[in-house]
Amino acid sequence: MRATDLPRQGECVFETLPTDVRAFQEWPWDRIAPYYADLEARPLTAAMLDAWLADWTRLSFLIYETGARRHLAHTQDTTNAEAEAAFFRYLDEIRPPAASAEQALKLKLLASGLTREGLDVPLRNLRAEADLFREDNLPLLVEESKLGSRYDKTIGAQTVTWEGREVPLPQLRPVLAGTDRGQRETVWRLMAERRLADRAALNDLWRELHGLRQRIAANAGHADYRSYAWQAKQRFDYSPADCATFHDAIEAVCVPAATRIYERHRARLGVASLRPWDLTNGEFSRPCDAPGTQPLRPYRDGGELLDKSAAILDRVDPNLGGQYRTMIAEGLLDAENRKGK
């Protein structure tokens, strides 16, 4: 880091903080740390609360957005070694010290007893996050993210040969929605065989992830990972018991209804029983009940999908549509399927 990168004497440190993440995302931790130090050192009073929170929010946003963009670039092409290295640098060099610095600010705010209208829910969330924080978990959480990256690379590499071309599995979904049952079966079996080829690797990955998450939960004082995750995801409005009750209701009401619908679909197809290739992600493979109806083609490619989605959002709320178009312009939305994604 150059001396000119640091705030000058007498200069408010946050006057030098970029507002655009693209000007921030290459910063090393030693360039970021003074901003956290400034927030931790400032006296926190009722009169200063709004300004302090605003500066903290700006800084947290830049950290979060950097991580999100690094992760996005990596998942868009898991074969790109440079994108993976940039994401891992963020995981190794930025996220752990930032998490520790964030924890110090959470404790500072909570200890102050300060609040204002509209802060009840954010403060509740901060208490939950602060209670879960353990320094020992920081390297484990980094490892968890890297295991997720390994999963993405494994899935992104899954391709098959179809009609003389190597294609990623998602590109075959339109075939599964077609009206040719024999072709649907062929494609379904081809995709299943390719997925099964990675069964051992994914099982090994799951075992690693399961053990790691049990350690994370134990370090945070939880009996199991579900209990830990419930707090981490801030599920304050319903409990695991509520979910079990909901599952029972689905079994009692929705499953019989779905069974009747499936039986009508089986009869329309004229087959003895429905097979996986008669359903796509749990839905009927045929677009509607009318015989001979062709599958819907609401868009030709990913670009048209984004454009049509933007037009819909413009009608819902011009501001929302504008934000969506910003994401398109900055390459933050990627609707195409391809190898490595």
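The values are calculated or read from the model by the stated rules, or taken from the named source; none is laboratory data. This one's a predicted model, so the numbers in the text were calculated from it and none came from an experiment. Note that we place each Cβ from the backbone using ideal geometry, even for glycine, and neighbour counts take in every protein chain shown. Each accessible area value is taken on the protein alone, full model and side chains, heavy atoms only, with ligands, DNA and RNA left out. Shrake-Rupley method; radii C 1.70, N 1.55, O 1.52, S 1.80 Å.
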- Filtering the stretch 113-129 for residues that are surrounded by 12 or more Cβ atoms within 10 Å (Cβ to Cβ), in a helix (DSSP H, G or I) and of a type outside the set (Lys, Arg) leaves a count of 6
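Does the stretch 235-250 contain at least one residue that is of a type in the set (Ser, Thr, Tyr), surrounded by 15 or more Cβ atoms within 10 Å (Cβ to Cβ), under 31 Å from the mean Cα position of the chain (by Cα) and part of a helix (DSSP H, G or I)? Talk me through it step by step, then tell me what you get.
Step one: filter the stretch 235-250 for residues of a type in the set (Ser, Thr, Tyr), giving 238-239, 245.
Subset that is surrounded by 15 or more Cβ atoms within 10 Å (Cβ to Cβ): none.
Checking the stretch 235-250: not a single residue is of a type in the set (Ser, Thr, Tyr), surrounded by 15 or more Cβ atoms within 10 Å (Cβ to Cβ), under 31 Å from the mean Cα position of the chain (by Cα) and part of a helix (DSSP H, G or I).
Would you pick out the residues in the stretch 310-334 that are outside any helix (DSSP H, G or I) and either under 21 Å from the mean Cα position of the chain (by Cα) or under 19 Å from Arg70 (Cβ atoms) (or both)? I'd like the intermediate steps shown before the answer.
Kept after step one, since they are outside any helix (DSSP H, G or I), are these residues of the stretch 310-334: 317, 330-334.
Answer for the stretch 310-334, where residues must be outside any helix (DSSP H, G or I) and either under 21 Å from the mean Cα position of the chain (by Cα) or under 19 Å from Arg70 (Cβ atoms) (or both): Glu330, Gly331, Leu332, Leu333, Asp334.
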- Which residues, taken from the stretch 296-324, are surrounded by 12 or more Cβ atoms within 10 Å (Cβ to Cβ) and touching a residue at least 12 places away in the same chain (Cβ under 8 Å)? Gly302, Gly303, Leu305, Leu306, Ser309, Ala310, Tyr324
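Considering the stretch 174-214 alone, what residues qualify as being charged (D, E, K, R) and under 30 Å from Glu144 (Cα atoms)? Talk me through it step by step, then tell me what you get.
Let us first name the residues in the stretch 174-214 that are charged (D, E, K, R), namely 180-181, 184-185, 189, 193-195, 198-199, 204, 207-208, 213.
Within the stretch 174-214, Glu193, Arg194, Arg195, Asp198, Arg199, Asp204, Arg207, Glu208, Arg213 meet the criteria.
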- Query: Which ones in the stretch 182-204 are open to solvent by less than 30 Å² (accessible area, probe 1.4 Å), in a helix (DSSP H, G or I) and within 20 Å of Asp152 (Cβ to Cβ)?
  - Reply: Met191
- Query: Restricting attention to the stretch 205-232, which residues are closer than 19 Å to Glu135 by Cα and open to solvent by 80 Å² or more (accessible area, probe 1.4 Å)?
  - Reply: Arg215, Ala223
- Across the stretch 57-74, the tally of residues that are closer than 15 Å to Trp29 by Cα and among the polar types (S, T, N, Q) stands at 2
- Which pairs have Cβ atoms under 7 Å, sit 6 or more apart or on different chains, and link a residue in the stretch 78-92 that is without any contact (Cβ under 8 Å) to a residue 24 or more places away in the chain and over 20 Å from Leu138 (Cβ atoms) to one that is hydrophobic (A, V, I, L, M, F, W, C) and surrounded by 14 or more Cβ atoms within 10 Å (Cβ to Cβ)? Ala83/Ala73
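Out of the residues in the stretch 63-84 that are hydroxyl-bearing (Ser, Thr, Tyr) and closer than 18 Å to Met327 by Cβ, state the one that is surrounded by the fewest Cβ atoms within 10 Å (Cβ to Cβ).
Taking the stretch 63-84 and keeping what is hydroxyl-bearing (Ser, Thr, Tyr), we get 64, 66, 75, 78-79.
Those still in the list that are closer than 18 Å to Met327 by Cβ too: 64, 66, 75.
Values: Tyr64: 13, Thr66: 22, Thr75: 20.
Filtering the stretch 63-84 for residues that are hydroxyl-bearing (Ser, Thr, Tyr) and closer than 18 Å to Met327 by Cβ, the one surrounded by the fewest Cβ atoms within 10 Å (Cβ to Cβ) comes out as Tyr64.
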- Note on the structure: Cβ pairs under 7 Å, 6+ apart or interchain, first in the stretch 124-135 and touching a residue at least 12 places away in the same chain (Cβ under 8 Å) and among the acidic types (Asp, Glu), second crowded, with 16+ Cβ neighbours inside 10 Å and part of a helix (DSSP H, G or I), ordered by first then second residue, are Glu129/Lys106
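Please go through the stretch 41-61 and give me each residue that is of a type in the set (D, E, K, R), more than 18 Å from Ile94 (Cα to Cα) and open to solvent by 50 Å² or more (accessible area, probe 1.4 Å), ordered by number.
From the stretch 41-61, those of a type in the set (D, E, K, R) are 42, 50, 55, 58; that's our starting set.
Among the residues that remain, those that are also more than 18 Å from Ile94 (Cα to Cα) are: 42, 50, 55.
The answer is Asp50, and nothing else.
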